[in-house]
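Input: a single structure, listed below in structure tokens.
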Amino acid sequence: MEKELLVKSTPTEVEIALIEDKKLVELHTQTNDTQFSVGDIFLGYIKMLRPGLNAAFLDVGVRKDAFLHYTDLGPQIMSVLDYTKKTIDKQSSGHHLDNFTLKPDNEKNGKIDRVFKKHQPCLVQILKEPISTKGPRLTCEITLAGRFMVMSPFKNTVSVSKKIVDNDERKRLKVLVESIKPKNFGIIIRTAASGKKVADLHDEINKLVSKWGRITEELKKSKKPAKVLNEVDKTEGMLRDIMNDSFNKIIIDDPEIYNSAKTYLQSVAPDQVKILSSYKGKKPLFDHYGISKQIKSSFSKTPTMSSGAYLVIEHTEAMHVVDVNSGPKSQNRDQESSALKVNLEAAKEIARQLRLRDLGGLVVIDFIDLRNKENKNILYTKMKEFMAGDRAQHTVLPLSKFGLIQITRQRVKPELKINTLEVCPSCKGTGNIEPALLLPDEIERHLKFIVETYPNASITLKVNPLVYTFFKKGVITRQMNWFKTYRKWIKLVSDNEMPIIQYKFYNKFNDEIRIE
């Protein structure tokens with residue numbers, strides 16, 4: 001599978017497109033005024049306790065209060081609270097936890113008001129970005145992510161990603177990391193660490209400890225709610241989380257982001273720097289690689305597939321509903337095999353749409369009815385296979401007796417919505433246009449004005465095919481009459497893209513002649 005990462009920058013935002021086999025599968029946008037990103041770490045203060053919800057609302061220094069449920073406190077919450085208070089009061093000896101005494105683990109089914117008091121400070125991390133009217137969701141289980149591992153303060157455990165299946169490699173990594181990790185820091189070893197040497201892993205541990213040091217320094221300065229650590233920008237975050245040997249290209253159109261990405265790759269994956277390139281083309285990056293067109297076609301309410309089959313995607317507050325339709329091109333007489341073929345194509349497109357739009361929560365898919373039990377099993381197996389590339393946590397349930405497949409998918413940020421509708425150039429969004437009957441007279445008036453204003457200019461008139469036919473009909477056409485009147489041949493061009501009442505005049509350099 002070919003994988004490409006395209007990064008387009010504008011003064012207000014950065015757009016990142018992940019391409020697999022020439023198809024857009026993920027689109028991420030980062031604006032300059034983003035207050036919250038998953039992974040950001042804040043110093044928050046308890047604003048309200050809600051024992052009925054077993055949750056608390058925290059002031060983290062921005063307009064929306066953040067939500068913290070008891071289940072997101074983590075076993076080490078007492079250690080987090082103790083470290084936060086001592087650091088703010090400047091009683092801690094530094095960011096190394098060698099001399100820090102861990103507190104007993106918190107009760108799994110306790111009460112929020114037994115843990116917190118009002119106005120109490122606490123170190124928290126963004127678990128989910130604000131969605132709709134809800135503020136961000138928090139966790140007190142602090143994690144610092146690197147390329148090869150994830151570090152958790154106030155823990156002493158070392159675990160290995162389940163995706164590393166070689167038992168010898170799992171044992172090697174666990175023993176190695178246990179021997180070099182600092183005291184009271186837990187480590188989760190990521191898939192990318194497979195085969196790496198001790199020097200690479202030790203270097204990353206030092207970087208993560210240094211990041212924890214920056215958090216501690218910010219805490220010492222803070223006396224009120226504030227952000228103490230920014231998660232890395234989305235470009236670097238994507239490189240950190242998805243970068244592997246299967247990538248073919250990384251193309252960036254902004255010199256500053258390119259240099260930042262190059263520096264990052266040189267430090268973590270020097271052999272991958274060769275696939276990084278800076279885009280210098282005249283056309284916008286997304287236009288050059290056909291991404292703009294894919295965005296327009298993919299974010300409509302009814303995305304269409306190559307066979308002519310299409311999906312209808314509807315959204316509610318609680319879930320998303322997808323209906324699969326075979327479309328008018330389906331002419332296979334064998335209904336069962338035709339339905340299976342359309343369903344498999346739709347399953348692949350639905351898996352892509354979930355990643356692309358970042359749909360979360362419950363997704364219910366109404367596939368075309370299948371009678372054969374074996375075909376139902378094939379569809380279910382393929383649906384799981386197509387979803388395997390999705391980095392978000394998800395569960396795919398088998399087909400119900402009503403032919404529905406239900407998918408639950410992790411939601412950590414708002415759904416990506418792109419309005420692909422355009423304002424009608426004829427009516428300007430009003431729904432009304434000038435009478436088409438008057439169009440020829442209007443063109444005649446404007447043509448006369450142009451000929452009188454630019455007597456020596458070569459003039460081309462571009463119109464809709466219906467208008468073109470009107471001007472060309474008869475033995476003596478209107479075009480001939482123009483020649484008799486102005487002693488100048490007016491070139492007439494039919495343009496399928498031109499709305500029926502729109503027209504444009506051009507000179508010999510193909511520059512539009514505007515009539516104010």
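The values are calculated or read from the model by the stated rules, or taken from the named source; none is laboratory data. Since we're looking at a predicted model, the values are computed, not measured. Ideal geometry is used to build each Cβ from the backbone, glycine not excepted, and the neighbour counts take in all protein chains shown. When the accessible area is computed, the model is the full protein with side chains, heavy atoms only, and any ligands, DNA or RNA have been set aside. Shrake-Rupley method; radii C 1.70, N 1.55, O 1.52, S 1.80 Å.
Here are the numbers:
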item: From P435, P455, residue being without any contact (Cβ under 8 Å) to a residue 60 or more places away in the chain, closer than 20 Å to E512 by Cα and exposed (fewer than 14 other Cβ atoms within 10 Å of the Cβ); result: P455
item: Selection from segment 1-34 of residues that are within 18 Å of K417 (Cα to Cα) and hydroxyl-bearing (S, T, Y); result: T12, T29, T31, T34
item: Where Q406 falls short, out of the listed (1) farther than 19 Å from H320 by Cα; (2) modelled with pLDDT of 90 or more; (3) of a type in the set (S, T, N, Q); (4) open to solvent by 70 Å² or more (accessible area, probe 1.4 Å); result: (1)
item: Scope segment 180-189; condition within 21 Å of F100 (Cβ to Cβ) and either in a helix (DSSP H, G or I) or open to solvent by less than 90 Å² (accessible area, probe 1.4 Å) (or both); matching residues; result: I180, K181, P182, N184, F185, G186, I187, I188
item: Qualifying residues in segment 154-179 (those that are part of a loop (DSSP other than H, G, I, E, B) and touching a Gly at 6+ places or on another chain (Cβ under 9 Å)) - the one nearest to I77 (Cα to Cα); result: F154
item: Test: residue in segment 479-498 that is modelled with pLDDT under 85 and either more than 44 Å from the chain's Cα centre (by Cα) or surrounded by fewer than 16 Cβ atoms within 10 Å (Cβ to Cβ) (or both); result: yes
item: Checklist (1) modelled with pLDDT of 85 or more; (2) of a type outside the set (A, V, I, L, M); (3) farther than 17 Å from D40 by Cα applied to F247, failing item; result: (1)
item: Candidate set: segment 243-284, residues that are outside any helix (DSSP H, G or I) and open to solvent by less than 30 Å² (accessible area, probe 1.4 Å); chosen: the one nearest to A145 (Cα to Cα); result: M243
item: Which numbered condition P104 fails, given (1) within 30 Å of L265 (Cβ to Cβ); (2) without any contact (Cβ under 8 Å) to a residue 40 or more places away in the chain; (3) not in a strand (DSSP E or B); result: (1)
item: Residue in segment 210-223 that is within 26 Å of R411 (Cα to Cα) and surrounded by 21 or more Cβ atoms within 10 Å (Cβ to Cβ) present; result: no
item: Selection count, segment 46-73, where residues are surrounded by fewer than 19 Cβ atoms within 10 Å (Cβ to Cβ) and within 25 Å of N184 (Cβ to Cβ); result: 2
item: Selection from segment 33-90 of residues that are in a loop (DSSP other than H, G, I, E, B), of a type in the set (A, V, I, L, M, F, W, C) and under 30 Å from R240 (Cβ atoms); result: F36, V38, V60, V62, L73
item: Some residue of segment 33-47 being touching a residue at least 12 places away in the same chain (Cβ under 8 Å) and at positive phi; result: yes
item: Cβ pairs under 7 Å, 6+ apart, first in segment 270-295 and small (G, A, S), second part of a helix (DSSP H, G or I); result: S278/P255; S278/Y258; G281/H288; S292/F286
item: Sole residue being open to solvent by 50 Å² or more (accessible area, probe 1.4 Å) and touching a residue at least 40 places away in the same chain (Cβ under 8 Å), chosen from I501, I515; result: I515
item: Pairs with Cβ under 6 Å, 6+ apart, first in segment 1-16 and without any contact (Cβ under 8 Å) to a residue 60 or more places away in the chain, second of a type outside the set (D, E) and surrounded by 12 or more Cβ atoms within 10 Å (Cβ to Cβ); result: E13/T29
item: Given (1) over 29 Å from the mean Cα position of the chain (by Cα); (2) at pLDDT 90 or above, index of the condition I189 fails; result: (1)
item: Within segment 353-374, tally of residues that are in a loop (DSSP other than H, G, I, E, B) and among the basic types (K, R); result: 1
item: Checking L6 against (1) in a strand (DSSP E or B); (2) out of contact with any Leu (no Cβ under 8 Å at 6 or more places or on another chain); (3) crowded, with 17+ Cβ neighbours inside 10 Å, the condition it does not meet; result: (2)
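For (1) open to solvent by 70 Å² or more (accessible area, probe 1.4 Å); (2) touching an Asp or Glu at 6+ places or on another chain (Cβ under 9 Å), each residue gets a yes or a no:
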{"site": "R114", "(1), (2)": "yes, yes"}
{"site": "E129", "(1), (2)": "no, no"}
{"site": "T139", "(1), (2)": "no, yes"}
{"site": "I164", "(1), (2)": "no, no"}
{"site": "D168", "(1), (2)": "yes, no"}
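Residue by residue, here is whether (1) of a type outside the set (F, W, Y); (2) out of contact with any strand residue (DSSP E or B) (no Cβ under 9 Å at 6 or more places or on another chain); (3) farther than 30 Å from Y83 by Cβ holds:
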position: M1; (1), (2), (3): yes, no, yes
position: L5; (1), (2), (3): yes, no, yes
position: E15; (1), (2), (3): yes, no, yes
position: D21; (1), (2), (3): yes, no, yes
position: T29; (1), (2), (3): yes, no, yes
position: S37; (1), (2), (3): yes, no, no
position: Y45; (1), (2), (3): no, no, no
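Okay, residues lined up against (1) open to solvent by 20 Å² or more (accessible area, probe 1.4 Å); (2) within 27 Å of T29 (Cβ to Cβ); (3) over 18 Å from the mean Cα position of the chain (by Cα):
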site: S338; (1), (2), (3): no, no, yes
site: L356; (1), (2), (3): no, yes, no
site: G361; (1), (2), (3): yes, yes, no
site: F367; (1), (2), (3): no, no, yes
